[in-house]
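The values are calculated or read from the model by the stated rules, or taken from the named source; none is laboratory data. Note that the structure is a prediction, hence the values are computed from the model and not measured. Cβ placement follows ideal geometry from the backbone for every residue including glycine, while neighbour counts extend to all protein chains displayed.
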Amino acid sequence: MTFMGPAPTCADLRNVRYLFTDIDDTLTTEGRLLPQTYQALWDLFNAGISIIPVTGGSAGWCEHIVRAWPVAAVIGESGAFSVFRRDGQVVFDYWEDGILQAKRQRQHLEAVKALLDQSPSAFRIAHDQPFRVADVAVDIGGVPSKDVEILADQIREWGATVAISSIHINTWIGSYDKRAMSERMLAQAFGVDPVTIPSLTAFVGDSRNDAPMFGYVRNSFGVRNIVPILGDLPHRPQWVSSEPAGLGFVDIAAVLLQARAETPTANRLVDP
Ligand SMILES: [Mg+2]
């Protein structure tokens, strides 16, 4: 069985042209990108599906991904920017002015560091913080979830936004999230008519910080490792794969490709 519970039909998925996907513990499996998962990305690319990773990951990572992976664009640092190629050049589109975001980040980083210094738990600023342009990331590995919640609430009290993934607290000053930047990208970069978004898009995720996308994208998938936190989500995925992480993504990609293959080109809403 590819899915736990209900499975999508070809009719649900036959017009999907844009696949948004989380990276950590969705594409990656225990931190690594498995060969079959990377092959699935290429298979989707070759079928004419535009892949857009939407991650809390750093600008440094996103810059690499947009150069090296078969993706149309990347949304990074939880929506602080999108990065794509234009006329052969890698271009960053910041949610707001890039200099303003960097200034806010410096102040927020100092405040979060001061909070961590007072915390009895083993939180650390993420090792890739120097490669972030807007976000502050805190490693939560090995820390009890109760302590993660306490720290998240303390940061929220300042008016900052907090998103909790399987590996980080990501926090920032600004009114964006994964969904907001995805909406902007579809409208501005790809020129997609909002009416067609429900049938043209799909999303795969694994964690609490993916909830805004589960609430936005109708064709939404979780990979199996999402099951323990389903009850914490304000918006849940419509379908959940039987396999975890990158292996679940492989199965989801196969279903998308099957739906595309079984649909006559003339019946597709948009052709590649
Ligand atoms: Mg994740």
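Numerical summary
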{"quantity": "Close pairs (9 angstrom Cβ cut-off, 6 or more residues apart or separate chains): within 21 Å of Val143 (Cβ to Cβ) and free of Cβ contacts under 8 Å to residues at least 60 places away in the same chain in segment 102-120, of a type in the set (Gly, Ala, Ser) and surrounded by 11 or more Cβ atoms within 10 Å (Cβ to Cβ) anywhere", "calculated": "Ala111/Ala160; Val112/Ala160"}
{"quantity": "Scope segment 215-230; condition in a helix (DSSP H, G or I), within 20 Å of Val250 (Cβ to Cβ) and not β-branched (Val, Ile, Thr); matching residues", "calculated": "Arg224, Asn225"}
{"quantity": "Single match in Ala47, Ala114 (criterion: away from the ligand (no atom under 16 Å from the Cβ) and under 19 Å from Phe249 (Cβ atoms))", "calculated": "Ala47"}
{"quantity": "Candidates Ala202, Ala254, Ala259, Ala266 - the one that is modelled with pLDDT under 95 and over 28 Å from Ala122 (Cα atoms)", "calculated": "Ala266"}
{"quantity": "Residue check for Thr28: at pLDDT 95 or above, surrounded by fewer than 21 Cβ atoms within 10 Å (Cβ to Cβ), farther than 17 Å from Thr201 by Cβ and within 13 Å of the ligand (Cβ to nearest atom)", "calculated": "yes"}
{"quantity": "Candidate set from segment 212-246 (those that are in contact with a strand residue (DSSP E or B) (Cβ under 8 Å, 6 or more places away or on another chain) and of a type in the set (A, V, I, L, M)); member that is surrounded by the most Cβ atoms within 10 Å (Cβ to Cβ)", "calculated": "Val223"}
{"quantity": "Pair list, Cβ under 7 Å, 6 or more apart: segment 209-220 residue under 15 Å from Pro194 (Cβ atoms), other residue more than 13 Å from the ligand (Cβ to nearest atom) and charged (D, E, K, R)", "calculated": "Tyr216/Arg179"}
{"quantity": "Condition check for Phe84: in the same structural domain as Thr196 (by TED's automatic domain parsing), over 15 Å from the mean Cα position of the chain (by Cα) and not in a helix (DSSP H, G or I)", "calculated": "yes"}
{"quantity": "Within segment 170-186, tally of residues that are over 15 Å from Gly215 (Cα atoms) and within 13 Å of the ligand (Cβ to nearest atom)", "calculated": "1"}
